[in-house]
Amino acid sequence: MGEDLPADLAEAVALGGEMGRRFGEYDWASHPLGPLSGWSPAMRATVAVALTSRFPIVLWLDPRQLYLVYNDAYVPMLGERHPAALGTPGRQVWWDIWDSIGGMLDGVVATGKATWSADLLLPLVTADNPQERYFTFSYSPIVMADGHVGGIFCAVTETTERVLGERRLHILNTLASTLVETQSVDDAVRAVLDLGAKPLPDLPFVALYVREERAGSARLRAATPRVADLLPATLDDLAALPADVGQRGAVVDDLLERLPGLASVFVHSPRQALVLPTAGGVGKDEVVGALVVALNPLRPLDDQYRGFCSLLRDQVSAAFAAAGSYERERRRGDALAELDRAKTAFLTNVSHEFRTPLTLLLGPVEDAIAQAGGDEDQVARLRTVQRNAGRLLRLVNSLLDFSRTEAGRAQAERVRVDLGALTEQIVSSFSELCDRAGLDLVLRCASVDAEVDVRMWETIVLNLLSNAVKFTFAGSITVEVAPDGERVRVSVADTGIGISEGDLPHLFDRFYRAGNNRGRTVEGSGIGLALVRSLVELQAGGIEVASEVDRGTTVTITLPAATAESALAGHQVWTAPVTNPYVAEASQWLDAPESEPAHEPGGRDLVFVVDDNADMRQHLRRVLSGRWEVVTYADGEAALEGVRRHRPALVITDVMMPKLDGFGFVGALRADPDLASTPVLMLSARAGLESAGEGFAHGADDYLPKPFTSADLLARVTARVNAVARERAARARDDEDSRHVARVAEFQVAMGSVTSIAEALTTLIAFPVAGQEATAAALGVREDSRIRITYEGQMLPELQDRYHVVGAESPIPLADVIRTGTPIVITDIADADPRYQWTLSDSEDSVRALVIHPIRDALGEVIAAAALLWSHPRSFAPADLEAIRVAMLTTATTVNRALAAEREHRIAVGFQEQLLRLDRGSTAAVIAAVYEPAAEAMRVGGDWYQATPVPDSTKLCVSVGDVVGHGLPAATVMSTLRAATAAATVTDTDPAAVLSVLQRCAAAEPGAHCATVAYAVLDAATHTLGYACAGHPYPLVVLPDGTSRYLKDGRQMPLAASSGNALTGPPGHIELPPASLVLLYTDGLIERRGESLDAGFARLAEAAEACATLPAGAVCDELLRRMAPARGYTDDVAILAIRTTGATPDRFVACVPADIHQVPVVRQRMRPWLRDMDLPDDLVYDVLLSTCEALANAIEHGSGSARATTVSVEGAALDDSLSVTVSDSGQWTADSSASRHIALRGRGLTLMNGLADHVDTVRTARGTRVTMTYRRSAAQEAPHGATP
Amino acid sequence: MTEAGYTLTVTPGDVDDAPAVVAVTGEIDITNASDFAGSVEEIPSTRPTILDFSDVRYLDSAGFAALSDILAARKAAIVIPVSSPVRRAAALMSLPHHATVDAARDALA
């Protein structure tokens, strides 16, 4: 057991795992390094770092001996040297690599400079074998207190895997790039051997054994030259591979024994080899040989190495397979010639065999058609059979004729005929077809005798005509028979697509098919023209073709004219067959496919069938149309256009088609990002895995070789269409999900920046629910027993008025949500809970569907509810409701924040306004006041405003003052001075007297020093105003004509500024006509940083004049708005506005007690004012009625308060309109649950909104202001009795 | 005149079941609408009643509410001529009315 550990090492030892324990238990006292307590602090600190690190670290302690201390992570590098290495000198531990590292370590000790080695090869010996291993490490000195190097710190990481991985990858890449170009097995072998030419550590040598075609051992085909002579000739002699060797291959362990000369070839001779079967050639699984890879003796055969060898083998196999097929291809060409000869013989035999069954097929079909009667489906099916059997018969006949001529066995029975007449007869069977195809069939057949085999001539003419029709889309086909000296010339000329120059020489080669796909069909056997030539030759004639691309083709046949002695055959030598198979086949080309869906899309999935064979199209349609909507196309080009337009669920396409073939078509689909996902099922007559592979390679999703059964086709199409439907649904869901997430995220971002309720509602409206935005949004906030509702969006003002405050128990959905905390969703109010019918029915035009969610505060209490409203009924998918729920949660956060800010502001304002409660008892003038705390500090201030009615008189005293400072002390002083002002007016309202009282009061109040005040007394009876100011900004008067003037008389110093402070002159005095506006305010309103006071006065005068016609309350609000600096007021602002009552020609001002019996009083006062404007009776009545309705509402709402209050009416005649404002100090409170009251109030609101052209309602904490505007000409324009 | 005032002049029908014509003048508003309703109630409802508002120069929402109640309670018809300024408000209030006394009489017949 070791010594007691020093404290600084104890913890490292405890945390150091195995090596920590071993280090702690080590008997250092007996070690040259001595007991741990004697180790320097630097050394101990380094040890602590090393032991606790999870990175491999080794310390070399002592500059000469370099004793090892290392941590757990380093243990794997030591292998079997652990644990003996601890405390052992470095040279002893790392004897095998000391040549490499000893010098570096000494260098660090000597110079103190750290080293850095990246991917250094250190051949560590493990189990007596050196191993090729790579390390990246740094040696850095451990510097002692005295400056000398006491040891070396080494952080090291093994990079063997990466280094080897890169090296092997490089080999594979090199091989791959070489193999790509190989075309033969020999090339491939050479490429593999080239790898071994340069000695590669991981490929000491390679050898390739290939098995002969049949059984037997694989024989050595090639090997790395250095070892080629050493290797046995057969694989069996090298290694007895088990039968089930498998893809992993087998390891040969005794390579040195088997290949005795090997050791002399290599420095590090390979001891093992891996034998890997190579597969390739015809069948993929057929083992044709083996690749022998000798293994690097310095590396174990681990998974990585094995994987590398496998990849090597795979590449070789692939190359062999490719090369093999290339070679086969060439051999096939050679065999083809031989085959060709055999084929002719075969065709002759087989064709003959075909004719009998075909004939037997055609007869009964004809009978069946005759008996099918009215069963049209059956007839159609039978006609298909008949047509195609006929086609087959024609083909067989052609083949037979052809093979006969090829074999030289055909005998022409030439008779003398009138070739012109015969040809015309044959050609005329095409006339109806040409008509349908829109081609002119021109016959210029002179009567010329020639000797021909009539049946052969028929074949010749029909073939030529059939070709002409196939390749001619417009214009004409001209058949001419004319004598040409000793010969007869017969020509068939068309105006078709022509034949390219390159194709012309091969045109009569059998099976040659011109490489164009522009005809009506690409069907054809390629023997037609070859047969024609053979037949013509049998008539002792010649044939030639002239053609020009896009201009047409002319085939000219010349025959010897009949000699005089040959007998002329009768005219009826040729009888037209009932159904000419050439005509029947050609007419198929003209059957236009239906390229438009027959039904409205949207019902069944749309499947496209693209095939140039009309019968095949019909067949597929019959099979598929039971389940899908089928649209057919005859070529890829038309289909591509169709896919663009109709987006089918699946396309079934043939490969061989005119214009654009199947591969080209699929390629075009895949190249278009919009269409690339269209699934394609490819049909082809070309059977075999290879052509299927070709189909897939061109981008087909599925491949079905012809022939196929209907069941097979149905199964494939069903699987494919279902997969598409599933995928489409999944994608739609994904798209919807991601759109949904994006919408919510966008919404949350938008909501995050919102600060006010109005903004929050606007943002909420814009939130799309299933792509649809709400018409309006509303927020109901619980305030004691009432709910105050705010609206945004398209909502009738009348409704907003009717439902802006409701009782908490009201039977409306919003109130219920707040009461119960449960969301409400109404898809259509017509179906809603009868409980809501009465309220909802009258809002039907603006609200049909709604979703309301509760809004909770931080404690979970429902404090409000937010509603999304739609003006039409709608449904909500579950996802929509979820989206709304999430949006509402976000809205709740914002609403909470906005309400908190609002509350804060309201508290500040409310406190001040409570403190400054405006006495509205006087009817001497309309009074309005506003208090705005400084923007940066929501706190009570020292500003005041006050209105003091003088009892039993027509006088009203007003004052605005400003005490220096903020906060409670200033507020206290302010209250004192304000109270003193009110008190002073009780004894004397004279300005001088009041200021004198205030001066005395201020002198006794320390905080009142330098307070300022403006005081004014209005006498409504005399229309005069007396005023005085103590250090306060001048009051401003705006006269009814819109001009303004500051009241600059009656000045004195600020209160208590000096002893004996008093007015310097008499108080100010001014006459005020009715509807004059007097403004008292504090300096916060006009002060602006960096601006003179005069500029502030000028701005205020201008702003006030602009507000001349506004009602007093609006003047206060508007001045606050207009005068506000960009960043808000820096000081508190108080504004008091009074407007004198009475009437002028264009102004009317009344202020009356809030008593319902005042309604007729105001009406009688207002009527003459309106009459004097020469307004029509209707308008007079409309204005009176709506004003009085508003007045009655104002009085009703104000009457809730015990305090005597007043209501006011301010009217102004403007250029072309009339505006009347009714103001009160109430909140238009709702009577709880009284639907009848709401209904009655509704009548008044209906009248106001119906009679006035515009109604604007402003509600503040100070009261409600309803402004109605009327166009002066309105009454004249609207006929009596017209319903608006 | 600071109070709203109205007068009712009742002209009984010339035959037994002919409607009585009540000519209303003055103003009916929130302050006297219930009085007005009471006055009409006092008129015997054995016969149909025609309330002729041709000479009413002011009628507010309380008045319209009273008229609605009257129409619901008794067989009555209201006359508001085309020239009356009240007519537009009556339309807004959806108050059934007739342009002339004769028209009202026909409607009641």
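Looking at this structure, is A:Ala1150 touching a helix residue (DSSP H, G or I) at 6+ places or on another chain (Cβ under 7 Å) and either within 13 Å of chain B (Cβ to nearest Cβ) or crowded, with 21+ Cβ neighbours inside 10 Å (or both)? So that I can check it myself, show each step before the final result.
On the way: touching a helix residue (DSSP H, G or I) at 6+ places or on another chain (Cβ under 7 Å): yes; either within 13 Å of chain B (Cβ to nearest Cβ) or crowded, with 21+ Cβ neighbours inside 10 Å (or both): yes.
Taking the combined requirement at face value, the residue satisfies it.
When you go through B:Ala37, B:Ala107 one by one, which is the residue that is out of contact with any Asp or Glu (no Cβ under 9 Å at 6 or more places or on another chain) and either over 30 Å from A:Ala1190 (Cα atoms) or assigned to a helix (DSSP H, G or I) (or both)?
Numbers: B:Ala37 fails: out of contact with any Asp or Glu (no Cβ under 9 Å at 6 or more places or on another chain).
The unique qualifying residue is B:Ala107.
Here is a list: A:Thr1260, A:Thr1283. Which entry is farther than 26 Å from A:Asp1215 by Cβ, modelled with pLDDT under 85 and under 50 Å from the mean Cα position of the chain (by Cα)? Break it down stepwise before answering.
Values: A:Thr1283 fails: under 50 Å from the mean Cα position of the chain (by Cα).
After ruling out the rest, the residue left standing is A:Thr1260.
Pick out the one residue from A:Ala145, A:Ala176, A:Ala110 that is hydrophobic (A, V, I, L, M, F, W, C) and assigned to a loop (DSSP other than H, G, I, E, B).
On the way: A:Ala176 fails: assigned to a loop (DSSP other than H, G, I, E, B); A:Ala110 fails: assigned to a loop (DSSP other than H, G, I, E, B).
Residue meeting the stated conditions: A:Ala145.
Any idea how many residues of region A:992-1032 are in contact with a Pro (Cβ under 9 Å, 6 or more places away or on another chain), hydroxyl-bearing (Ser, Thr, Tyr) and either over 21 Å from A:Ser922 (Cβ atoms) or at pLDDT below 90 (or both)?
1
Taking region A:627-664, which residues are in a loop (DSSP other than H, G, I, E, B) and charged (D, E, K, R)?
To start, the set of residues in region A:627-664 that are in a loop (DSSP other than H, G, I, E, B) comprises A:627-628, A:634-635, A:647-649, A:655-661.
The answer is A:Arg627, A:Asp635, A:Arg647, A:Lys659, A:Asp661.
From the list A:Ser184, A:Ser217, which one is of a type in the set (S, T, N, Q), over 55 Å from the mean Cα position of the chain (by Cα), at pLDDT below 75 and surrounded by 12 or more Cβ atoms within 10 Å (Cβ to Cβ)? Before the answer, list the steps.
Values: A:Ser184 fails: over 55 Å from the mean Cα position of the chain (by Cα).
Going through A:Ser184, A:Ser217 in turn, the sole match is A:Ser217.
Only one of these is more than 13 Å from chain A (Cβ to nearest Cβ) and either touching a Leu at 6+ places or on another chain (Cβ under 9 Å) or acidic (Asp, Glu) (or both): B:Val24, B:Val101, B:Val86. Name it.
On the way: B:Val101 fails: either touching a Leu at 6+ places or on another chain (Cβ under 9 Å) or acidic (Asp, Glu) (or both); B:Val86 fails: more than 13 Å from chain A (Cβ to nearest Cβ).
Result of the check over B:Val24, B:Val101, B:Val86: B:Val24.
Which one of the conditions (1) of a type outside the set (Gly, Ala, Ser); (2) within 14 Å of chain A (Cβ to nearest Cβ); (3) touching a residue at least 40 places away in the same chain (Cβ under 8 Å) does B:Pro19 fail to meet, given that it meets all the rest?
Tallying (1) of a type outside the set (Gly, Ala, Ser); (2) within 14 Å of chain A (Cβ to nearest Cβ); (3) touching a residue at least 40 places away in the same chain (Cβ under 8 Å), B:Pro19 fails exactly one: (2).
Just checking, does region A:638-649 include any residue being closer than 24 Å to A:Arg436 by Cα, at pLDDT 80 or above and not acidic (Asp, Glu)? Spell out the reasoning first.
At the first step, the residues of region A:638-649 found to be closer than 24 Å to A:Arg436 by Cα are A:638-639.
This time we only want the ones that are at pLDDT 80 or above, so: A:638-639.
Cutting the leftovers down to not acidic (Asp, Glu) gives us A:638-639.
Yes; the residues of region A:638-649 include at least one that is closer than 24 Å to A:Arg436 by Cα, at pLDDT 80 or above and not acidic (Asp, Glu).
For region A:624-636, give me the residue count where each residue is surrounded by fewer than 18 Cβ atoms within 10 Å (Cβ to Cβ) and in contact (Cβ under 8 Å) with a residue 24 or more places away in the chain. It would help to see each step written out before you state the result.
So in region A:624-636, the residues surrounded by fewer than 18 Cβ atoms within 10 Å (Cβ to Cβ) come out as A:625-627.
With the extra rule that they be in contact (Cβ under 8 Å) with a residue 24 or more places away in the chain, the set shrinks to A:627.
The qualifying residues number 1.
So, A:Leu1218, is that one within 14 Å of another protein chain (Cβ to nearest Cβ) and modelled with pLDDT of 85 or more or not? Before you say what the answer is, go through the steps one by one.
Working: within 14 Å of another protein chain (Cβ to nearest Cβ): no; modelled with pLDDT of 85 or more: yes.
Considered against the rule, which asks whether it is within 14 Å of another protein chain (Cβ to nearest Cβ) and modelled with pLDDT of 85 or more, A:Leu1218 comes out as no.
Every residue in region A:76-107 that is closer than 20 Å to A:Asp27 by Cα, part of a helix (DSSP H, G or I) and in contact with a helix residue (DSSP H, G or I) (Cβ under 8 Å, 6 or more places away or on another chain), please.
Of everything in region A:76-107, those that are closer than 20 Å to A:Asp27 by Cα, part of a helix (DSSP H, G or I) and in contact with a helix residue (DSSP H, G or I) (Cβ under 8 Å, 6 or more places away or on another chain) turn out to be A:Arg81, A:Gly90, A:Val93.
Is it true that some residue in region A:1014-1033 is under 60 Å from the mean Cα position of the chain (by Cα) and surrounded by fewer than 20 Cβ atoms within 10 Å (Cβ to Cβ)?
Taking every residue of region A:1014-1033 in turn, none turns out to be under 60 Å from the mean Cα position of the chain (by Cα) and surrounded by fewer than 20 Cβ atoms within 10 Å (Cβ to Cβ).
In the list B:Ala91, B:Ala72, which residue meets the criterion of being within 13 Å of another protein chain (Cβ to nearest Cβ) and either part of a loop (DSSP other than H, G, I, E, B) or farther than 15 Å from B:Thr11 by Cα (or both)? Spell out the reasoning first.
Values: B:Ala72 fails: within 13 Å of another protein chain (Cβ to nearest Cβ).
Result: B:Ala91 is the single residue among B:Ala91, B:Ala72 that is within 13 Å of another protein chain (Cβ to nearest Cβ) and either part of a loop (DSSP other than H, G, I, E, B) or farther than 15 Å from B:Thr11 by Cα (or both).
For A:Glu432, which of the numbered conditions (1) within 60 Å of the chain's Cα centre (by Cα); (2) buried (at least 18 other Cβ atoms within 10 Å of the Cβ) fails to hold?
A:Glu432 satisfies every listed condition except (2).
For region B:40-49, indicate whether the set of residues that are under 26 Å from B:Asp102 (Cβ atoms), more than 10 Å from the chain's Cα centre (by Cα) and in a helix (DSSP H, G or I) is non-empty.
So the first thing to find is which residues in region B:40-49 are under 26 Å from B:Asp102 (Cβ atoms), and the list is B:40-49.
Those left that are additionally more than 10 Å from the chain's Cα centre (by Cα): B:41-48.
Those still in the list that are in a helix (DSSP H, G or I) too: B:41-42.
Among the residues of region B:40-49, at least one is under 26 Å from B:Asp102 (Cβ atoms), more than 10 Å from the chain's Cα centre (by Cα) and in a helix (DSSP H, G or I), which makes the answer yes.
Under the condition of being more than 8 Å from chain B (Cβ to nearest Cβ) and within 56 Å of the chain's Cα centre (by Cα), which residue from region A:1173-1190 is farthest from A:Gly1242 (Cα to Cα)?
Residues of region A:1173-1190 that are more than 8 Å from chain B (Cβ to nearest Cβ), as a first pass: A:1173-1176, A:1179, A:1183, A:1186-1187, A:1190.
Pick out the ones that are also within 56 Å of the chain's Cα centre (by Cα) and you get A:1186-1187, A:1190.
Details: A:Ser1186: 13, A:Thr1187: 15, A:Ala1190: 11 Å.
My answer is A:Thr1187.
Every residue in region A:148-173 that is out of contact with any Leu (no Cβ under 6 Å at 6 or more places or on another chain), in a helix (DSSP H, G or I) and in contact (Cβ under 8 Å) with a residue 60 or more places away in the chain, please.
A:Glu161, A:Leu164, A:Gly165, A:Arg168, A:Ile171
For region B:88-108, name all the residues that are without any contact (Cβ under 8 Å) to a residue 40 or more places away in the chain and over 14 Å from B:Gly63 (Cβ atoms).
Selection gives B:Arg88, B:Ala91, B:Ser94, B:Pro96, B:His98, B:Ala99, B:Thr100, B:Asp102, B:Ala103, B:Asp106, B:Ala107.
Taking A:Asp1155 as meeting all but one of (1) within 12 Å of chain B (Cβ to nearest Cβ); (2) over 23 Å from A:Thr1260 (Cα atoms); (3) surrounded by fewer than 24 Cβ atoms within 10 Å (Cβ to Cβ), write down the number of the exception.
(2)
Return the residues of region A:987-1001 that are in contact (Cβ under 8 Å) with a residue 24 or more places away in the chain and more than 16 Å from A:Pro1054 (Cα to Cα); say none if nothing qualifies. It would help to see each step written out before you state the result.
Just the residues of region A:987-1001 that are in contact (Cβ under 8 Å) with a residue 24 or more places away in the chain, to begin with: A:989-992, A:994-996, A:998-999, A:1001.
Matches in region A:987-1001: A:Thr989, A:Asp990.
Those residues that are within 14 Å of another protein chain (Cβ to nearest Cβ), closer than 13 Å to B:Val79 by Cβ and not polar (S, T, N, Q), I need them from region B:42-60; list them, please. Please lay out each step first, then the result.
Step one: of region B:42-60, the residues within 14 Å of another protein chain (Cβ to nearest Cβ) are B:53-60.
In the following step, the residues that additionally are closer than 13 Å to B:Val79 by Cβ were identified as B:53-56, B:59.
Residues satisfying the conditions are B:Phe53, B:Asp55, B:Val56, B:Leu59.
Among the candidates B:Gly63, B:Gly5, single out the residue that is crowded, with 20+ Cβ neighbours inside 10 Å and either among the aliphatic types (A, V, I, L, M) or within 11 Å of chain A (Cβ to nearest Cβ) (or both). Full working, then the answer.
Values: B:Gly5 fails: crowded, with 20+ Cβ neighbours inside 10 Å.
That would be B:Gly63, the only listed residue that is crowded, with 20+ Cβ neighbours inside 10 Å and either among the aliphatic types (A, V, I, L, M) or within 11 Å of chain A (Cβ to nearest Cβ) (or both).
Could you check how many residues of region B:27-41 are away from every other protein chain (no Cβ under 14 Å) and in contact with a Leu (Cβ under 8 Å, 6 or more places away or on another chain)?
2
Residue pairs, Cβ under 6 Å, 6 or more apart or interchain, first in region A:292-304 and surrounded by fewer than 22 Cβ atoms within 10 Å (Cβ to Cβ), second β-branched (Val, Ile, Thr). List them.
none
Identify, by number, the condition in (1) part of a loop (DSSP other than H, G, I, E, B); (2) closer than 29 Å to A:Gln618 by Cα; (3) among the aliphatic types (A, V, I, L, M); (4) modelled with pLDDT of 65 or more that A:Val522 doesn't meet.
The number of the failed condition is (4).
Test A:Leu1136 against the criterion of being within 28 Å of B:Phe64 (Cα to Cα) and either away from chain B (no Cβ under 13 Å) or of a type in the set (A, V, I, L, M) (or both), and give yes or no. Reasoning before the result, please.
Numbers: within 28 Å of B:Phe64 (Cα to Cα): no; either away from chain B (no Cβ under 13 Å) or of a type in the set (A, V, I, L, M) (or both): yes.
No.
The values are calculated or read from the model by the stated rules, or taken from the named source; none is laboratory data. Only a predicted model underlies this, so the values are computations on that prediction, with no experimental measurement involved. Please note: Cβ atoms are built from the backbone with ideal geometry, for glycine as well, and neighbour counts cover all protein chains shown.
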